[in-house]
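Asker: Sharing a structure below in structure tokens format, with a few things to ask.
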Amino acid sequence: MEKFPHKNNVTVQYKSYELDAYAEVTPTKGYYELLSNKLGVSMEEVKQDTAHISKEATKVGLTYHFDAIQPTNTLDAHRLAIYATKQHKGNEMTERILKAHFTDSEHIGEHHILAKLAAEIGLNVDAVLEFLQTKKYTRAVREDQELAVQIGVEGVPFYVFNEKYAVSGAQPPDVFAEVLAKVWEEEMEQPHLQSLNSQQSETTYCTDEDCKGNKD
């Protein structure tokens, strides 16, 4: 994005996707054990894989503490992200939740933790706590996930550009640059507005004061 010459014309929108919709809020097993059971591999393999991810993350300025992650159910975190989106802070909320989970080792299944994170990006703590006591936006989370199934998403990361092109998995920056360039080129080839009025047709237009009929 930083290298894309038209980055100011790009809108990034996060979608909900629970890796384990049936996860407990406070599991009795640790992160490595849960991942080992889910993937059907040894805990040693899990530790090796996550260590590799951590090493790669440092190259782009990220710090991951997989050994201290607190696994939990993330439905409320996803609901909060949608709530924050309504306050024009959705991406900020998502980024803060991700940092809390992977870097700060916080329990993002606990309402008081989520409310604290929300306050850090400027949302009202009491309003957030009141919201989290409801089931609001649960359907929105489910709808995002149903859409993901329909378009063939089986894991994350997964990116969709202009509802037309998809990039799956961790890819080098050149892949994203190529897709962005292609989408931009296609957008520029199409006029943003096409008139479907026939010549000499009668039209109606409205101003702040009234609406009038006109002959072209």
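Asker: State the Cα centre-to-centre distance between segment 135-170 and segment 1-76 in whole Å.
Answerer: Rounded to whole Å, the Cα centres lie 16 Å apart.
Asker: Let me ask you something else. Can you compute 3J(HN,Hα) from phi for each residue in segment 147-153, using the Karplus curve 6.51 cos²θ - 1.76 cosθ + 1.60 with θ = phi - 60°, rounded to whole Hz and x for Gly and Pro?
Answerer: Karplus-based 3J(HN,Hα) across segment 147-153 equals 5, 4, 4, 4, 9, x, 6 Hz.
Asker: Quick one: 3J(HN,Hα) in Hz for segment 65-79, Karplus 6.51/-1.76/1.60 with θ = phi - 60°, rounded, Gly and Pro as x.
Answerer: 10, 5, 5, 10, 4, 9, x, 6, 7, 9, 4, 5, 5, 5, 4
Asker: Arranged from highest to lowest average of other beta-carbon atoms within 10 Å per residue, in what order do the peptides 139-152, 93-106 appear? Spell out each step's value before the answer.
Answerer: Working: 139-152: 13.5, 93-106: 18.5.
Output ranking for 139-152, 93-106: 93-106, 139-152.
Asker: Here's another thing I want to ask about it. With semi-axes √(5λ) of the Cα gyration tensor in Å in mind, check [x] 24, 20, 18; [y] 33, 21, 17; [z] 41, 24, 16 and report the label derived from this structure.
Answerer: Computed from the coordinates, semi-axes √(5λ) of the Cα gyration tensor in Å corresponds to [z].
Asker: When a/c reaches 1.5 or more, the comparison of a/b and b/c decides; with that in mind, is segment 33-130 rounded, prolate or oblate per its Cα gyration tensor? Can you show the working numbers first?
Answerer: Numbers: a/c = 2.75, a/b = 1.87, b/c = 1.47.
Taking the square roots of the gyration eigenvalues as a ≥ b ≥ c, segment 33-130 is prolate.
Asker: Each label point is 7 Å from the Cα along the Cα-to-Cβ direction; what then is the distance between the points at L62 and I121, in nm?
Answerer: 1.6 nm
Read-outs throughout are calculated quantities, based only on the coordinates presented, and are distinct from any laboratory measurement. Predicted, not measured: the structure shown is a model, and the values here were computed from it. No Cβ is skipped: glycine too gets one built from the backbone with ideal geometry, and neighbour counts run over all protein chains shown.
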